[in-house]
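The values are calculated or read from the model by the stated rules, or taken from the named source; none is laboratory data. Keep in mind the model is a prediction, meaning the values are calculated, not measured. Positions of Cβ are backbone-derived with ideal geometry, glycine not excepted, and every protein chain shown enters the neighbour counts. Heads up: the accessible areas ignore ligands, DNA and RNA and are worked out on the full protein's heavy atoms, side chains in. Shrake-Rupley method; radii C 1.70, N 1.55, O 1.52, S 1.80 Å.
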Amino acid sequence: MIKPELLMPAGNLEKLEYAIRYGADAVYLGVVDFSLRAMRKGELITMDNLKQAIDLAHSLGKKAYLTLNIFAFNRDIKLLESCMDKIKDSNPDALIISDIGIMRIVQRYMPNTPIHVSTQTNTLNYEAVKFWQDLGATRSILARELPIKDVAEIKEKVPNMELEVFVHGAQCVSFSGRCLISDYMTNGEREANQGNCCQPCRWSYKLVEETRPGQYYEIEQNERGTHIMSTKDLCLVKHLGKLIDAGVDSLKVEGRTKSLYYVSAVAKAYREAIDTVFENRNADLSKYYDELLKVGNRGYTTGFYLGDGEYPADGYSYNISKGLAGADFLCEVWDKSSDIYKVKVKNKFYVNTDIEVISPSEKFITQAVEIKNNEGELLEFANTNDELFIKFNNEIKDYKYAIIRTVGIKNNDN
């Protein structure tokens, strides 16, 4: 049996490289106008640096898939056609699409590039997979609403089609992400299926009766709060063996807008878990679940995968709308001179307190025994956003891509 691909999100060039360094076999990335996760700030992947991003993945020996998975209006089709020469020149390993019109265009301009059909197409059965295969697609990214047993049956019925499933990350309350709430709640300014969802399913709501203006009533899902549509995040790390047995070709992690820490830590956990379970199908994967509790999450659920079409009653996050990390991202290591490391501080931490280092090849607990600023002054703590020079009581061998975080799990309510 072939080991499945670990597919990680790449929100920008730095995250792309870290995702691969920490274990991804492939990354998926998008540009603002044609992607359902179109970030509007920060260092973006654009048409101008798309080739650079894909070349970076290739230089590291890995694949890069370009998402063109919006539902396109005529204006989008015209814009895409004007960009196809640049897209072709960037040489992605596959194109992720959901719109038939976009599929026609990319097949016309790039007939030899594999096409992956987005989860947005709500693909739930083997006849639908055969349909996309007949149109020329090479991979189907299955809907999150499928139980694993149905995934296995699809693979049995369509063995020559690659199957990709989501295994980790935020989930949409709407069926396969086909949602209009954001569009409605923002008067058409934030269309979810144009890559700009404002996530109103995560908002906390109150009820007002129109003859009693100003009198607001809690919408209670009993004592647990009012986030009645906010689903927990998906986490299938304990069940990778079942997915491998079902014949899944690619295991996908959600999160192109997530942090560098999220991308790195999640990639490391799933890389090690996949390798472990592939060597020993009965291996206990609980320690990797514990690792994933240290990154931002709204609580974890297995979603529809273990059931028979029913979403679990405990699959909603009634208490919180934003993901809370079990460990704080403290700093990113930038450089080293002798035994002193230059770091960019993300969250405050003190000298001589336990902290944890993770890198592509390491994970250990250490302490900052000396913290200095640019003037060489000794400090008692490292403050958020500072660039500092730190001596640790352990050498970080793989320091170029090392990340430092707090020890332990703060919110183990999952």
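Compute the FRET efficiency between ILE365 and GLU279 as 1/(1 + (r/R0)^6), taking r as their Cβ-Cβ distance and R0 = 30 Å, and round to the nearest 0.05. Provide the component values of the computation, followed by the final result.
Numbers: r = 26 Å, r/R0 = 0.88.
The value I calculate is 0.70.
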Largest-first ordering by accessible area, 1.4 Å probe, given options HIS239, HIS116, HIS58: HIS58, HIS239, HIS116
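Rounded to the nearest percent, how much of the accessible area of segment 341-414 (1.4 Å probe, protein heavy atoms only) is carbon and sulfur?
Numbers: 1620 of 3990 Å².
Of the solvent-accessible surface of segment 341-414, carbon and sulfur hold 41 percent.
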Listed pairs LYS268/LYS400; LYS86/LYS130; LYS238/LYS344; LYS63/LYS86; LYS157/LYS232 exceeding 23 Å between Cα atoms: LYS86/LYS130; LYS238/LYS344; LYS157/LYS232
Residue-wise, which Karplus ³J(HN,Hα) couplings in Hz belong to segment 18-28, taking 6.51 cos²θ - 1.76 cosθ + 1.60, θ = phi - 60°, and x for glycine or proline? 5, 4, 6, 4, 8, x, 5, 8, 7, 10, 10
Please list, or write none, the aspartates and glutamates whose alpha carbon is within less than 17 Å of the alpha carbon of LYS342, excluding same-chain residues fewer than 8 places away. GLU332, GLU356, GLU370, GLU375, GLU377, GLU380, ASP386, GLU387, GLU395, ASP398
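Work out how much length VAL208 to SER82 would gain on full extension: take 0.36 nm times their residue separation and subtract the Cα-Cα distance, in nm to one decimal.
Details: separation 126, 0.36 × 126 = 45.36 nm, distance 4.83 nm.
My answer for the length gained is 40.5 nm.
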Taking the mean number of other Cβ atoms within 10 Å as a proxy for protection, how do you rank 384-391, 160-167 from highest to lowest? 160-167, 384-391
Under a 1.4 Å probe, counting only protein heavy atoms, GLU380 has an accessible area in Å², nearest 10, of 140 Å²
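Can you give the extra length, in nm with one decimal, that the chain gains between THR384 and LYS342 once fully stretched, where that is 0.36 nm per residue apart less the Cα-Cα distance?
Working: separation 42, 0.36 × 42 = 15.12 nm, distance 1.43 nm.
Length gained, THR384 through LYS342: 13.7 nm.
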With every protein chain in place, the accessible area of LYS3 for a 1.4 Å probe, in Å² rounded to the nearest 10, comes to 90 Å²
Sorting check: for 147-154, 252-259, 263-270, which peptide has the highest mean count of neighbouring beta carbons within 10 Å, and how do the rest follow? 263-270, 252-259, 147-154
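Counting only protein heavy atoms and using a 1.4 Å probe, what share of the accessible area of segment 1-139 belongs to carbon plus sulfur, as a whole percent? If you can, show how the numbers build up before the last one.
Details: 2910 of 5990 Å².
Whole-percent figure for carbon plus sulfur exposure: 48.
With the other protein chains left in place, how much accessible area per residue, in square angstrom, belongs to segment 49-135 at a 1.4 angstrom probe?
On the way: 4030 Å² over 87 residues.
I get 46 Å² per residue for segment 49-135.
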Keeping all protein chains in position, work out how much accessible area SER250 exposes to a 1.4 Å probe, and write it in Å² to the nearest 10. 0 Å²
